[in-house]
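Please read the structure below before turning to the comments.
Laboratory data are not the source of any read-out in this text; all were calculated from the coordinates shown. What you see is a predicted model; the values in this text were computed from it and never measured. No Cβ is skipped: glycine too gets one built from the backbone with ideal geometry, and neighbour counts run over all protein chains shown.
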Amino acid sequence: MSPAMLEVRDVSMNFGALRALDNVGFGVTEGTITGIIGPNGAGKTTLFNVLAGKYRPSAGQVTFFGNDITGFSPDRICKMGISRTYQSARPFPGLSVTNNVRVALLYGRADDGNGGESTSGQSADEQIGEILDFVELGNQAAKRGEDLIPIERKRLELARALATEPRLLLLDELVAGLTPSETTEMMATIRTIRGRGVTVLLIEHVMKAVMGLSENIIVLHHGEMIAEGDPEAVSRDESVIAAYLGFQQED
Ligand SMILES: Nc1ncnc2c1ncn2[C@@H]1O[C@H](COP(=O)(O)OP(=O)(O)OP(=O)(O)O)[C@@H](O)[C@H]1O
Ligand SMILES: [Mg+2]
């Protein structure tokens, strides 16, 4: 097994008296899809907020390709190649779909300052068009981000994250609220992204999606990592079953 691209070591995050993450540690291998599950309030989004630099952890360390990135700013972490989507989609107010993606493309990449031209000489507009087609928002390009329906907002979240050219993509409940057929479609999109060499870490409550996509699954409960393993092992794990009792998933 190749060494982990991302290493999370003994990370804890306190909010006052609340310990939202308690000594969490795991590694993510480049080229894989890793799922993070756990009941509401387990600390999943808080973990993303630590990885993406929104919060400096109260304790512990995060390394990316061996570099300590603990406490780096969100901007710096994004430019290093970690980008994220938000659980509740947050389009930039007043901006068109195209310009939402443009902001990410111009300011979220390591090589910003070159007008967004790609290494192969593609203009920013050409790249934005391709990204929007890829997430099936090509025909909504002129609309304002906030005028999109919820599913389209999720696609815009993904488009913006992709525009920064991530090496590690953090997806926070990207399929939540989608119909079964939309979920299947989004799962295929995520597989395609991984196929292009992007490593994926995804938080999901929809078991069909997380079990179907992930090679490795991390289970959080009350801020603690209670299990880690392949989908089959995790779904048979007694502490995982206990954590989910009374928390039925229909799909
Ligand atoms: N900025 C904050 N200040 C105080 N408490 C916070 C903050 N962010 C998260 N929390 C608390 O930390 C705990 C974990 O929250 P988090 O959002 O990480 O859960 P989650 O696993 O993503 O849940 P969900 O599945 O509902 O999205 C919760 O009790 C939450 O209220
Ligand atoms: Mg969350």
Task: Where N is the number of residues in the chain, Cα Rg divided by 2.2 N^0.38 Å - done: 0.99
TODO: Please get the size of the charge dipole for the range 91-165, origin at its Cα centre, with Cβ charges of +1 on Lys and Arg and -1 on Asp and Glu, quoted in debye to the nearest 20.
DONE: 300 debye
Task: Most mobile listed residue (Asn99, Asn14, Asn139) in the chain, GNM with C-alpha springs under 10 Å - done: Asn139
Open item on the list: Over the Cα atoms of the range 126-220, what radius of gyration and what Dmax do you get, in Å?
Closed with: 13.2, 41
Task: Exposure proxy order (Cβ contacts within 10 Å, fewest to most) of Asp111, Asp237 - done: Asp111, Asp237
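Evaluate E = 1/(1 + (r/R0)^6) for Ile151 and Arg196, where r is the Cβ-Cβ distance and R0 equals 22 Å; express this FRET efficiency to the nearest 0.05.
Details: r = 23 Å, r/R0 = 1.02.
Using R0 = 22 Å, I get an efficiency of 0.45.
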- [ ] Any lysines with Cα under 18 Å of the Lys79 Cα? List them, leaving off those in the same chain fewer than 8 positions away.
- [x] Lys54
Task: aspartates and glutamates with Cα under 20 Å of Lys143, excluding same-chain neighbours fewer than 8 positions away - done: Asp125, Glu126, Glu130, Asp133, Glu152, Glu157
TODO: Let me know the charge dipole size of the chain about its Cα centre in debye, to the nearest 20, where only the beta-carbon of Lys, Arg (+1) and Asp, Glu (-1) is charged.
DONE: 580 debye
Open item on the list: How are the alpha carbon pair distances in the range 91-165 distributed across 5 Å bins from zero to the largest one, expressed in percent?
Closed with: 3, 19, 31, 24, 14, 6, 2
Task: Segment Arg144-Asn23, length gained on full extension (0.36 nm per residue, minus Cα span) - done: 39.4 nm
